[in-house]
Amino acid sequence: MTTKAYAAQSATTPLGPSTITRPPVGDLDVAIDILYCGVCHSDLHAARAEWQGMRYPLVPGHEIIGRVSAVGKSVSRHRVGDVVGVGCMVGSCRQCVACQDGLEQYCEGPHGFLQTYNGWLDGTGENTYGGYSAAITVDEHFVLRISHSAEQLAAAAPLLCAGITTWSPLRHWGAGPGKKVGIAGIGGLGHMGIKLAHAMGAHVVAFTTSPAKIQDAKHLGADEVVVSRNPDEMAAHASSFDFILNTVAAPHDLDAFIPLLKRDGTMTMVGVPDSPHPSPGVANLIFKRRGLAGSLIGGIPETQEMLDFCAQHGITSDVEMIAMKDIESAFERMKKSDVKYRFVIDMSTI
Ligand code: NAP
Ligand code: ZN
Ligand code: ZN
């Protein structure tokens, strides 16, 4: 089946209209007409080959909300007409320990998990194409149920990456009542991190380099906001955090944050900048047994749990809707940290 898409033909060409082929609907597949797709900073990193191993044409997009248009004969979890979501994964080996644990993002199979875009199909080198397109076909295991209301659907799309990428580490490191949790970088991921940590009952401190975002961060649910470029404001929080989630998309000084952790506190990195952070000093880590960790998106069961939690609590993203043709200007604003707080493409405009 041919489908309209927006693709980068190389790392140096802007995204533009393109036609791609989707595979036929297999027995366990769900065919989805895409309604909305969020714009993750990863889409920009990938389209511009700021990371290694990109293949072109590249069709980004892994925050997908759509309506089921057809199902294979063995599909039991979804029906034609259902509103569903697809995130960063469309396949994994389903047999390894990680997959059995519902942590498909850490799949230990020969090719790891299959990415929604730029994924290596069956080791053949053939590319997967993401959500900047009119339709997608995905194995039912990787299709999520969406129970948000019809008016909330566009704003629910970013939950499929920004939501789960912050939910998973917040849960893993025990964000909740009595815990002081920092969220560094108030972009797509960070603004969801604030909302989710607040909903989990933690005391939330937002770290931003943009003083213009202070009021917004409070509205999003932050109890306090720190301008991270101001050393005095940072020092006031020395040795006080149980957990800091660092979503910053650019290399920066981690030693500005690590001393803010209390004994046994952890800072977890989710941002993936195009070049490394300067190496942090060891002293800040060893003297209080502090941890520096990483986390990758989230597994399918915990993604469903997060989506259901958000629907129950009325949680969505703060979004700016754009038409497909405006993607390049959205990327430009994203580079300048000027997004409030996630662009979402209205796919009827493709
Ligand atoms: P985003 O919307 O662009 O937000 C990133 C935020 O980082 C900006 O809004 C800004 O916040 C801060 N920032 C940017 N440049 C900075 C600089 N030079 N110094 C300090 N702070 C800076 O990006 P996103 O979509 O949230 O993604 C964030 C990162 O996570 C990206 O690298 C993305 O690829 C990665 N990611 C990782 C995973 C994973 O599984 N680990 C999943 C999704 C995305 P302030 O204005 O508040 O400072
Ligand atoms: Zn993403
Ligand atoms: Zn596996």
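The values are calculated or read from the model by the stated rules, or taken from the named source; none is laboratory data. Keep in mind that this is a model prediction, so the values were computed, not measured. Neighbour counts run over all protein chains shown; Cβ positions are idealised from the backbone, glycine included. Surface accessibility is based on the protein's heavy atoms, side chains included, excluding ligands, DNA and RNA. Shrake-Rupley method; radii C 1.70, N 1.55, O 1.52, S 1.80 Å.
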query: Within segment 46-105, how many residues are touching a His at 6+ places or on another chain (Cβ under 7 Å), closer than 18 Å to residue 308 by Cβ and within 15 Å of ligand 1 (Cβ to nearest atom)?
result: 1
field: residue 294 being free of Cβ contacts under 8 Å to residues at least 40 places away in the same chain, surrounded by fewer than 16 Cβ atoms within 10 Å (Cβ to Cβ) and within 16 Å of ligand 2 (Cβ to nearest atom)
entry: yes
- request: Kindly provide the set of residues from segment 211-227 that are among the hydrophobic types (A, V, I, L, M, F, W, C) and open to solvent by 40 Å² or more (accessible area, probe 1.4 Å), ordered by number.
  value: 212, 214
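Condition check ((1) open to solvent by less than 40 Å² (accessible area, probe 1.4 Å); (2) in contact with a Cys (Cβ under 7 Å, 6 or more places away or on another chain); (3) not assigned by TED's automatic domain parsing to the domain that holds residue 188) across all residues:
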{"site": "254", "(1), (2), (3)": "yes, no, no"}
{"site": "258", "(1), (2), (3)": "yes, no, no"}
{"site": "274", "(1), (2), (3)": "no, no, no"}
{"site": "304", "(1), (2), (3)": "yes, no, yes"}
{"site": "322", "(1), (2), (3)": "yes, no, yes"}
{"site": "331", "(1), (2), (3)": "yes, no, yes"}
- line: Taking segment 310-336 and keeping residues over 16 Å from the mean Cα position of the chain (by Cα) and either within 17 Å of residue 83 (Cβ to Cβ) or of a type in the set (S, T, N, Q) (or both) leaves 311, 312, 314, 329
- prompt: Residues in segment 228-238: is at least one of a type outside the set (Phe, Trp, Tyr), buried (at least 20 other Cβ atoms within 10 Å of the Cβ) and at pLDDT below 95?
  reply: no
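Would you check if residue 345 is more than 15 Å from ligand 2 (Cβ to nearest atom) and open to solvent by less than 60 Å² (accessible area, probe 1.4 Å)? Before you say what the answer is, go through the steps one by one.
Numbers: more than 15 Å from ligand 2 (Cβ to nearest atom): no; open to solvent by less than 60 Å² (accessible area, probe 1.4 Å): yes.
Criteria not met by residue 345.
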message: Being charged (D, E, K, R) and within 28 Å of residue 189 (Cβ to Cβ) is the filter here; which residues of segment 63-96 pass it?
response: 63, 67, 77, 82, 94
- prompt: Can you name the condition, by its number, that residue 336 falls short on among (1) surrounded by 13 or more Cβ atoms within 10 Å (Cβ to Cβ); (2) in the same structural domain as residue 59 (by TED's automatic domain parsing); (3) of a type outside the set (A, V, I, L, M)?
  reply: (1)
message: Can you find, within segment 276-290, the residue that is farthest from the chain's Cα centre (by Cα) among those that are open to solvent by 70 Å² or more (accessible area, probe 1.4 Å) and of a type outside the set (Gly, Ala, Ser)?
response: 287
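Is there a residue in segment 62-83 that is touching a Phe, Trp or Tyr at 6+ places or on another chain (Cβ under 6 Å) and either open to solvent by 50 Å² or more (accessible area, probe 1.4 Å) or part of a loop (DSSP other than H, G, I, E, B) (or both)? Before the answer, list the steps.
Going through segment 62-83, the residues touching a Phe, Trp or Tyr at 6+ places or on another chain (Cβ under 6 Å) turn out to be 65.
Subsequent filtering for residues that are either open to solvent by 50 Å² or more (accessible area, probe 1.4 Å) or part of a loop (DSSP other than H, G, I, E, B) (or both) retains none.
Checked against the condition, which is being touching a Phe, Trp or Tyr at 6+ places or on another chain (Cβ under 6 Å) and either open to solvent by 50 Å² or more (accessible area, probe 1.4 Å) or part of a loop (DSSP other than H, G, I, E, B) (or both), segment 62-83 yields no hits at all.
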- request: Would you point out the residue of segment 17-55, among those that are open to solvent by less than 30 Å² (accessible area, probe 1.4 Å) and under 14 Å from residue 345 (Cβ atoms), that is farthest from the chain's Cα centre (by Cα)?
  value: 34
